[in-house]
Amino acid sequence: MTLSKRLKVFFAGLVLFLSSCMNKKAMEFKHILDVQERKVTQMLIGKKGSESRKLNYLIADDFDRALNVVNEQEREFDAVLHALKNLDTADLEKAIELQNEAINYYDSLKALHMYAKKEIAQQKVISTTNGAERDRAQDELMKLAKNKQAMYDDVYRNEKSLHDTLLEFEEGNGLR
């Protein structure tokens, strides 16, 4: 084999090696995103997740324990956001954009679930008072419910953007 053919074979092998490293790095990046998503899913819809425990406490009118669970959820969201903020985005196409979209999505989901603190506070007032104070708390709870729709809309918008960016990331890094 001539020297030029050897160089071509060497460079072709080098390109293949580097591209496989890029795919591996992209796969690891996506795996970390998937792990964080599973953590949040377990927290919010898992049978033994914190959201389920919070609802059980609310059904039992144990508002203080329900608030403690919301505080626990806040710490869980913070851990997920911390993991996302520390992702290595170097040398990956659309990684910074995907990281930002994931952070925006989980920030909006956290805000939606932390909104429960305000709702639970009003539910506690409703259950422990009478008369005008109770009426004010019921009115406030209704206002909170109406305002919550905007938070859901924000979550939906951020989820769509995250999904679209994830597809671009997968396409740009050879994962599709």
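Under a no-solvent Debye model with one identical scatterer per Cα of the chain, what's log10 I(q)/I(0) at q = 0.10, 0.11, 0.16, 0.20 Å⁻¹?
-0.54, -0.61, -0.98, -1.26
By the scheme Lys and Arg +1, Asp and Glu -1, what is the net charge of all other residues having a beta-carbon under 14 Å from that of Q149?
Once all neighbours under 14 Å are counted, the net charge is +1.
Once you have the Cα-Cα distance between A79 and T128, take 0.36 nm times their residue separation minus that, and quote the gain in nm to one decimal.
In short, 14.2 nm is gained.
If you place +1 on the Cβ of every Lys and Arg, -1 on the Cβ of every Asp and Glu, and leave all else neutral, what size is the dipole of segment 36-172 about its Cα centre, to the nearest 20 Debye?
820 debye
So, R0 is 30 Å and r is the distance between the beta-carbons of L112 and H31; what FRET efficiency does that work out to, to 0.05?
Efficiency, rounded to the nearest 0.05: 0.70.
Tell me the relative contact order for the chain as a rounded percent, counting alpha carbon contacts under 8 Å between residues six or more apart.
Worked out over the chain, it gives 24 percent.
With unit charges on the beta carbons (Lys and Arg positive, Asp and Glu negative) and the dipole taken about the Cα centre of the chain, which residue among L175, A102, Q122 sits farthest to the positive side?
Of the candidates, L175 comes out farthest on the positive side.
Kyte-Doolittle mean at least -0.5 and Cα extent at least 20 Å along the axis: which DSSP H helices of the chain qualify?
3-45, 63-85, 95-114
Determine the alpha carbon to alpha carbon distance for each of K117/K160; K25/K146; K47/K124; K30/K146; K39/K117; K85/K143 and list only those over 32 Å.
Beyond 32 Å: K25/K146; K30/K146; K85/K143.
Per DSSP H run of n ≥ 4, the term is -39500 (n - 2.57); total these for the chain, divide by its residue number, and report the mean residue ellipticity at 222 nm rounded to 500 deg cm²/dmol.
Estimated from H runs of four or more residues: -30500 deg cm²/dmol.
Calculate, in nm to one decimal, what D153 and L44 gain on full extension: separation in residues at 0.36 nm each, minus their alpha carbon distance.
Gain on stretching D153 to L44: 37.5 nm.
We did not get these values from a lab; they are worked out from the coordinates using the rules stated. Please read all numbers here as calculations on a predicted model, not as lab measurements. Counting neighbours? That spans all protein chains shown, and the Cβs are built from the backbone with ideal geometry, glycine included.
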